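Shown next, in structure tokens, is the structure this report addresses.
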Protein chains: 2
Amino acid sequence: MKPLTGNAVVAQSGGPTAVINSSACGVIEEVLRHGAAIAHIYGANNGILGIVQEDLFDLGGESPDTIADLRRSPSSAIGSCRYKLGDLTKDREKYQRLIDVFKAHDIRYFFYIGGNDSMDTADKVNRLAREQNYDLRVMGVPKTIDNDLAATDHCPGYGSVAKYLATAVMEAGRDTEAMYTFDPVTVTEAMGRNTGWIAAATGLARRREDEAPHLIYVPEIPFSAERFLADVREVHRRLGRAFVVVAEGIKNEKGQYVAAQAEVDSFGHRQLGGVADYLRQLITREIGLKSRYNKLDTCQRNAIHFASKTDSDEAYRCGQEAVRQALSGTSGKMVTLVREGEKPYRCGTGLADLAEVANGVKYLPREFLDVAGTRITEAMRAYAGPLLLGEVPIRVGSDGLPEFVRFQRRPVPKKLPAFVGKQQ
Amino acid sequence: MKPLTGNAVVAQSGGPTAVINSSACGVIEEVLRHGAAIAHIYGANNGILGIVQEDLFDLGGESPDTIADLRRSPSSAIGSCRYKLGDLTKDREKYQRLIDVFKAHDIRYFFYIGGNDSMDTADKVNRLAREQNYDLRVMGVPKTIDNDLAATDHCPGYGSVAKYLATAVMEAGRDTEAMYTFDPVTVTEAMGRNTGWIAAATGLARRREDEAPHLIYVPEIPFSAERFLADVREVHRRLGRAFVVVAEGIKNEKGQYVAAQAEVDSFGHRQLGGVADYLRQLITREIGLKSRYNKLDTCQRNAIHFASKTDSDEAYRCGQEAVRQALSGTSGKMVTLVREGEKPYRCGTGLADLAEVANGVKYLPREFLDVAGTRITEAMRAYAGPLLLGEVPIRVGSDGLPEFVRFQRRPVPKKLPAFVGKQQ
């Protein structure tokens, strides 16, 4: 089969990760190996927004070293956004704009690195192009620290946030261990609005019964303040200290966010300080124990300085495989990770329909936590453990700090009038 | 001179650091090299509290590998506390108890690793021993991430928190750079109740004009909410984003903590969420910009996984030098770090009176910040830069997470009745 010839665009979407640039690197390097089919590869400034605004830059104009160094650089080097496109009817003009921009630049390959919202967008672009007989190959590359995408064993970005946050919990846990006579309780907030994958991963830090984290709370299990306080009391009575990890998205029995509850109950209409701060106040007020909290927020998802090599390598392969599949005629699919073996862990790639990923959320299985729901089981260790292995070799500058790459961003000349539709 | 023979005790005090165990390692290894003078070296469980409670363990009973691995392990492995002893008159029974415990165990060498409160305690113990003609050598080993001890060029613990937090700011800064269309402002809270050394060190992350952090706020410069909001507006107008670092201890023009102000103004009598959360709310309310915050809290001071080798090595040398000085007859002094050369940076050790360190606080010099007080100058770069160099080689286990050491803690049999005085 003669491959489809034309140009390619790659975009990054949603919250950055430590290894989303590895996926971009996999896409770009694989495209550059197939110059006969794909003449140019463009980056879309700030994700899908860059396509809507025809704000593209030529990745072929970047040096091979810059491209290679993407694997050592955190966050989304191409630029990202949260730009929600709705259904094909309501937001048709925006979807049409994407197709128009693709046509104007002879873009025949669209690689979209993102989570389920992005796969939804990619799916609709793919369908619209087919409707209009515009030959376009659309491939999704999975990315989310949340690890909640359907159809894939796990998600690039997860292993790195797990490795780093588990390490931070080990380190801060040693602090609580040394200072328990003064600071007996620490609460650490993990990202995760809907799922407890990240919070649960910190359980890997606990190699011994008395080590942090002693208690983990996830959104999948309804949160009860009474039970929480009883848990903390019990651990404190036993060990003289307690180290808690809580997912930002824990919900009460009515399915309401605990952080939102805190907002209504105690904070009036102000913005939230976060659930860890709320729980810390609860512990101090109700148990009378001095308590402090850590909230690593965006630091946790960009920590390339102690990221998982396994995760980074898999992120790269997902990007590479998306290009290989597109060149061989596949479209409308996301690359998935397929676990092919335990001990030793082996992982291959597969494909899933974009629509399947768009509409699914993978929750933490109940059996990955113990009966009480506050500690991880061997099943969780077996699942998540291999994803943390190895360290990404970063480059440290002469000033002792990491060196990250940045693109030159040679703009691609615009060919269309500015988009006048509603942009947000 | 025939050296004083007897036993030694080493204690760690106050907030842990990534390298306080390096100092302990320096003390222990140097003592073990001088077995003719010092028969046993004991650790005091939980700092000075362990001496008051006669709760000692035998460090000579630990394996040499365990002792060596202290250099790869964060926090205070011997145990720490915040146990404040007052003046010699009011708290005399406690100071006397320390002397009694020393006498009961023939302890002739006391090595105290800590900050200015600890040097105050050590100074008083030294004076009381002399008063009572008990031959005791008391040596202080400097430790504080805050870098605010008098008489020393810098403090062990500072270089590591600086390296790690600057790295975290680089990484989170890339997140804000990629996501500015959705999350334009990030506020990161740095430790530092009284001084801006840590907050200022994150300025080293800013290699280019447009890189994070764009604005730094320190306790030494009175904080004005109006000026702060104008600063954020200006940076946002220029770059489309703003990354702010704020020391936890910033104060208003009246010298009141801004975090405490927040408590009174908006939070009723609840405990504080911290100053970064307060500033985030201020930005959102007054400028209407979406804003998020990072608070690494105890994670920042224990981050051995990306700690400064320069800092760790100097921490070791301070411990080692304390032993050498004590063996040669010195007492009532703290080891200091003396900068002996720039380009290349060289650092030796010196001595300061414990009383001088006890009563001093070293503030960030005004000339280390620019006229506006929100960016560091070349003078700050020249001072702090060398302290971040090199990485501590940690050990990573087969599970991909760091391995830290823990003592066996073979207890030293008690010889005295329990202390019945007020303990806190």
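The values are calculated or read from the model by the stated rules, or taken from the named source; none is laboratory data. Predicted model only: the values in this text are computed from it and were never measured. Note: ideal-geometry Cβ built from the backbone for every residue, glycine included; neighbour counts use all protein chains shown. To get the accessible areas, we keep the full protein, side chains included, count just its heavy atoms, and leave off ligands, DNA and RNA. Shrake-Rupley method; radii C 1.70, N 1.55, O 1.52, S 1.80 Å.
From the list B:70, B:49, the one residue that fits, being within 11 Å of another protein chain (Cβ to nearest Cβ) and out of contact with any strand residue (DSSP E or B) (no Cβ under 7 Å at 6 or more places or on another chain), is B:49.
Only one residue in A:26, A:35 is more than 30 Å from residue A:159 (Cβ to Cβ), of a type outside the set (S, T, N, Q) and either open to solvent by 10 Å² or more (accessible area, probe 1.4 Å) or more than 14 Å from chain B (Cβ to nearest Cβ) (or both), so which one is that? Residue meeting the stated conditions: A:35. Quick one: in region B:365-397, of everything that is within 14 Å of chain A (Cβ to nearest Cβ) and assigned to a loop (DSSP other than H, G, I, E, B), which residue is nearest to residue B:216 (Cα to Cα)? Per the stated criteria, the residue is B:389. Only one entry of B:178, B:199, B:212 meets the criterion of being within 9 Å of another protein chain (Cβ to nearest Cβ), buried (at least 24 other Cβ atoms within 10 Å of the Cβ) and touching a Gly at 6+ places or on another chain (Cβ under 7 Å), and that entry is B:178. Hey, any hits in region B:375-392 for a residue that's closer than 25 Å to residue A:401 by Cβ and of a type in the set (Phe, Trp, Tyr)? Among the residues of region B:375-392, at least one is closer than 25 Å to residue A:401 by Cβ and of a type in the set (Phe, Trp, Tyr), which makes the answer yes.
Return the residue satisfying two criteria in turn: it lies in region A:398-424 and is at the interface with another protein chain (Cβ under 10 Å from one of its Cβ atoms) and over 27 Å from the mean Cα position of the chain (by Cα), and of such residues it is least open to solvent (accessible area, probe 1.4 Å). Out of the qualifying residues, it is A:400.
Exactly one residue among A:296, A:282, A:327 is aliphatic (A, V, I, L, M) and under 30 Å from residue A:3 (Cα atoms), and that residue is A:327. Going through region B:55-69 one residue at a time, which ones are open to solvent by 20 Å² or more (accessible area, probe 1.4 Å), in contact (Cβ under 8 Å) with a residue 40 or more places away in the chain and over 18 Å from residue B:81 (Cβ atoms)? If the condition is that a residue be open to solvent by 20 Å² or more (accessible area, probe 1.4 Å), in contact (Cβ under 8 Å) with a residue 40 or more places away in the chain and over 18 Å from residue B:81 (Cβ atoms), then B:58, B:61, B:66, B:68, B:69 are the ones that fit.
Condition check: within 19 Å of the chain's Cα centre (by Cα) and in a helix (DSSP H, G or I). Does residue B:167 satisfy that? Yes: the conditions hold for residue B:167.
The residue pairs whose first member lies in region B:101-129 and is touching a residue at least 40 places away in the same chain (Cβ under 8 Å), whose second member is among the hydroxyl-bearing types (Ser, Thr, Tyr) and assigned to a strand (DSSP E or B), and whose beta carbons are closer than 8 Å, counting only pairs six or more residues apart or on different chains, are B:105/B:42; B:107/B:42; B:118/B:112; B:119/B:112; B:121/B:112; B:122/B:112.
Rundown of residues vs (1) open to solvent by less than 10 Å² (accessible area, probe 1.4 Å); (2) among the aliphatic types (A, V, I, L, M), yes/no style:
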| residue | (1), (2) |
| --- | --- |
| A:288 | no, no |
| A:291 | yes, no |
| A:296 | yes, yes |
| A:300 | yes, no |
| A:308 | yes, no |
| A:325 | no, no |
| A:328 | no, no |
| A:339 | no, no |
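Yes or no: residue B:172 part of a helix (DSSP H, G or I) and either closer than 30 Å to residue A:45 by Cβ or open to solvent by 10 Å² or more (accessible area, probe 1.4 Å) (or both)? Against the criterion (part of a helix (DSSP H, G or I) and either closer than 30 Å to residue A:45 by Cβ or open to solvent by 10 Å² or more (accessible area, probe 1.4 Å) (or both)), residue B:172 qualifies.
The single residue among B:208, B:193 that is more than 14 Å from residue B:280 (Cα to Cα), in a loop (DSSP other than H, G, I, E, B) and modelled with pLDDT under 95 turns out to be B:193. Entry remark, region B:70-88: residues being surrounded by fewer than 24 Cβ atoms within 10 Å (Cβ to Cβ) and touching a Ser or Thr at 6+ places or on another chain (Cβ under 7 Å) number 1 in total.
For region B:132-161, a residue qualifies if it is touching a residue at least 40 places away in the same chain (Cβ under 8 Å) and either of a type in the set (Ser, Thr, Tyr) or facing another protein chain (nearest Cβ under 9 Å) (or both), and the qualifying residues are B:144, B:152, B:158, B:159, B:160.
Answer yes or no: is there a residue in region A:94-112 that is under 19 Å from the mean Cα position of the chain (by Cα) and open to solvent by less than 10 Å² (accessible area, probe 1.4 Å). Checked against the condition, which is being under 19 Å from the mean Cα position of the chain (by Cα) and open to solvent by less than 10 Å² (accessible area, probe 1.4 Å), region A:94-112 yields at least one hit. The one condition from (1) within 12 Å of chain A (Cβ to nearest Cβ); (2) aromatic (Phe, Trp, Tyr); (3) closer than 21 Å to residue B:348 by Cα that residue B:164 does not meet is (3). Within region B:296-329, the set of residues being under 17 Å from residue B:15 (Cβ atoms), among the small types (Gly, Ala, Ser) and facing chain A (nearest Cβ under 9 Å) comprises B:303 only. Taking region B:370-393 as the range and being hydrophobic (A, V, I, L, M, F, W, C) and either open to solvent by 40 Å² or more (accessible area, probe 1.4 Å) or over 20 Å from the mean Cα position of the chain (by Cα) (or both) as the test, the residues that pass are B:371, B:372, B:376, B:379, B:382, B:389.
Evaluation of residue A:17 against the conditions (1) surrounded by 24 or more Cβ atoms within 10 Å (Cβ to Cβ); (2) within 14 Å of chain B (Cβ to nearest Cβ); (3) touching a strand residue (DSSP E or B) at 6+ places or on another chain (Cβ under 7 Å) shows that the sole unmet condition is (3).
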